[in-house]
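Colleague: Before anything else, here's the structure in question.
The values are calculated or read from the model by the stated rules, or taken from the named source; none is laboratory data. Computed from a prediction, not measured in an experiment: that's the story for all the values here. Here Cβ is always computed from backbone atoms with ideal geometry, including for glycine, and neighbour counts include all displayed protein chains. What goes into the accessible areas is simple: the full protein's heavy atoms, side chains included, and nothing from ligands, DNA or RNA. Shrake-Rupley method; radii C 1.70, N 1.55, O 1.52, S 1.80 Å.
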Amino acid sequence: MDIVEKVLLLAILKKESDETLNDVVLKLENTNLFSLKEGKRLLKKLRSEEFISDSYLTLKGEVTAKNVDQEFKL
C-alpha cells in the first residue's frame, strides 16, 4: 500500500459523520495530493480490496487506517 492510499484511508477514518467519500476525495484533491480522477480510482481500488463497503470502512479498512494513524504519529 502506497502513502497516498494510506492518507486516503486515514482521511476516511477521520471524516465527519455528515461527509461523504466524495467530500473526502475533494478535500484531498484541494491539497494537491492527487487529481479527482486519481482519487476516484483509488476509492474504487480500496472498495475492490474490501477496505471500504458502501461509504464506510470495513473492519479490515478500519484496522488498517488505525495502524496508519499510529505509523504517522511516530
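Colleague: What is the residue count in region 36-70 for residues that are of a type in the set (Gly, Ala, Ser), under 15 Å from Met1 (Cβ atoms) and open to solvent by 30 Å² or more (accessible area, probe 1.4 Å)?
Modeller: Adding up the residues that qualify gives 1.
Colleague: If you go through region 34-65 one residue at a time, how many are closer than 11 Å to Leu21 by Cβ and among the acidic types (Asp, Glu)?
Modeller: 1
Colleague: Sort out which residues of region 21-30 are acidic (Asp, Glu) and either in contact with a Leu (Cβ under 7 Å, 6 or more places away or on another chain) or open to solvent by 90 Å² or more (accessible area, probe 1.4 Å) (or both), and write them in order of number.
Modeller: Hit for region 21-30 is Glu29, nothing else.
Colleague: Would you mind telling me which numbered condition in (1) closer than 18 Å to Glu71 by Cβ; (2) open to solvent by 50 Å² or more (accessible area, probe 1.4 Å); (3) in contact with a Ser or Thr (Cβ under 9 Å, 6 or more places away or on another chain); (4) not acidic (Asp, Glu) Leu33 fails?
Modeller: Here Leu33 meets the rest and fails (3).
Colleague: Suppose the filter is among the β-branched types (Val, Ile, Thr) and touching a strand residue (DSSP E or B) at 6+ places or on another chain (Cβ under 7 Å); does Thr58 pass it?
Modeller: Yes: the conditions hold for Thr58.
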